[in-house]
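Please read the structure below before turning to the comments.
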Amino acid sequence: MHKQKIAIVTGGGSGIGLAIAEKFIREDIHTIIVGRDAGKLGAAAEKLGALCQAITFDLNNFAEIPALVSRIIDQHGKIDILVNNAGINMKKAFTEVTDGDFQSILQTNVTAVFVLSREVVKSMLQNGVKGSIINISSMASRYGIPKVIAYTAAKSAIEGMTRAMATELSPEGIRINCIAPGFIATDMSAKALDSDPERKAKALGRTPMGALGQPSDIGDAAAFLASDAAKYITGVVLPVDGGNAIGF
Ligand code: NAP
């Protein structure tokens with residue numbers, strides 16, 4: 001088995017995923033970034049250098065996920081780390097969210113995470129890899145944020161799945177953890193906050209550190225959870241939020 005670790009970071013072409021990929025590469029981990037936008041991924045891969053590999057893939061395409069994972073295994077022999085970072089948000093009043101809206105958020109943010117994790121875990125079991133999976137939830141799973149009903153349902157599901165998987169897979173030596181980012185400066189949060197100064201003021205007002213986080217703050221936490229330094233840590237949800245979750 002190769003010594004070099006192999007990681008998949010979904011949504012690794014932008015924002016938090018890009019910062020996680022950057023940090024992994026600095027730690028000499030071969031990092032495969034997955035997203036739908038080939039241009040964005042290509043630019044990220046160019047920036048990140050030879051240890052980065054970009055795969056254009058829409059994670060809503062569940063039927064093709066087993067083939068995606070097989071392709072990676074054929075090429076690299078194993079997968080050590082999976083970061084389920086890809087996600088979409090939708091801000092809409094509760095009564096205006098259609099069945100289709102709700103399903104589409106759940107599809108990307110929950111079902112795709114399940115399908116990809118299942119396939120990656122199968123590969124870890126087959127190859128005897130004591131792997132690490134990191135899910136990305138949100139403050140939306142910790143307290144009630146208005147106008148993000150589907151996103152909140154999805155991110156709450158991610159935290160429950162983290163605990164269920166951690167218990168079931170611990171005997172196999174596979175660790176599952178979750179990071180709950182607070183308000184981090186990315187395109188996604190800019191869309192949600194810049195158009196809504198009241199929400200931005202509220203988010204910052206209850207963040208004791210008084211500022212948005214940087215994507216690299218999540219990258220550092222992910223690198224820790226993926227590393228042997230966290231070898232006795234599984235099933236946790238780690239807020240990386242400048243104290244947002246406990247702010248008064
Ligand atoms: P972002 O820049 O919009 O990143 C989301 C990524 O997901 C994009 O790179 C996107 O790539 C990818 N993606 C979305 N749908 C996909 C699909 N169907 N298939 C493959 N890739 C897909 O936003 P971000 O802020 O970095 O968010 C990253 C994660 O952190 C998300 O799970 C988000 O919910 C979570 N989060 C963010 C914050 C924050 O304050 N920013 C707070 C809490 C949680 P393509 O467009 O190329 O598909």
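Observations, loosely collected:
- Of the residues making up segment 122-152, those that are open to solvent by less than 40 Å² (accessible area, probe 1.4 Å) and more than 12 Å from the ligand (Cβ to nearest atom) are 123, 124, 129, 131, 132, 133.
- Pairs, first in contact (Cβ under 8 Å) with a residue 40 or more places away in the chain in segment 192-205, second assigned to a helix (DSSP H, G or I) and open to solvent by less than 70 Å² (accessible area, probe 1.4 Å), C-beta under 8 Å, six or more apart: 192/199; 203/193; 203/244
- Boolean, residue 64 is charged (D, E, K, R), open to solvent by 50 Å² or more (accessible area, probe 1.4 Å) and touching a Leu at 6+ places or on another chain (Cβ under 7 Å): no
- Test: residue 54 is within 16 Å of the ligand (Cβ to nearest atom), in contact with a Leu (Cβ under 7 Å, 6 or more places away or on another chain) and either open to solvent by less than 30 Å² (accessible area, probe 1.4 Å) or closer than 24 Å to residue 214 by Cβ (or both): yes
- Checked against the criterion of being away from the ligand (no atom under 12 Å from the Cβ), among the acidic types (Asp, Glu) and under 20 Å from the mean Cα position of the chain (by Cα), the candidates 46, 119 yield just one match: 119.
- Residue ID - nearest to the ligand (Cβ to nearest atom), chosen from residues in segment 153-202 that are over 30 Å from residue 79 (Cβ atoms) and under 21 Å from the mean Cα position of the chain (by Cα): 183
- The listed residue being more than 8 Å from the ligand (Cβ to nearest atom), under 22 Å from residue 112 (Cβ atoms) and of a type in the set (A, V, I, L, M), out of 29, 25, 6, 16: 6
- Evaluation of residue 168 against the conditions (1) surrounded by fewer than 16 Cβ atoms within 10 Å (Cβ to Cβ); (2) touching a residue at least 60 places away in the same chain (Cβ under 8 Å) shows that the sole unmet condition is (2).
- Scope segment 199-248; condition of a type in the set (Asp, Glu) and either open to solvent by less than 70 Å² (accessible area, probe 1.4 Å) or at pLDDT below 95 (or both); matching residues: 217, 241
- Strands (runs of 3 or more DSSP E) within segment 13-123 that include 3 or more residues touching a residue at least 24 places away in the same chain (Cβ under 8 Å): 30-35, 81-84
- Looking across segment 24-40, the residues that are among the hydrophobic types (A, V, I, L, M, F, W, C) and either open to solvent by 20 Å² or more (accessible area, probe 1.4 Å) or under 11 Å from residue 10 (Cα atoms) (or both) come down to 25, 32, 33, 34, 38.
The values are calculated or read from the model by the stated rules, or taken from the named source; none is laboratory data. For clarity, every value in this text was computed on a predicted model and none was experimentally measured. With ideal geometry, Cβ positions are generated from the backbone for all residues, glycine too; neighbour counts draw on all protein chains shown. Each accessible area value is taken on the protein alone, full model and side chains, heavy atoms only, with ligands, DNA and RNA left out. Shrake-Rupley method; radii C 1.70, N 1.55, O 1.52, S 1.80 Å.
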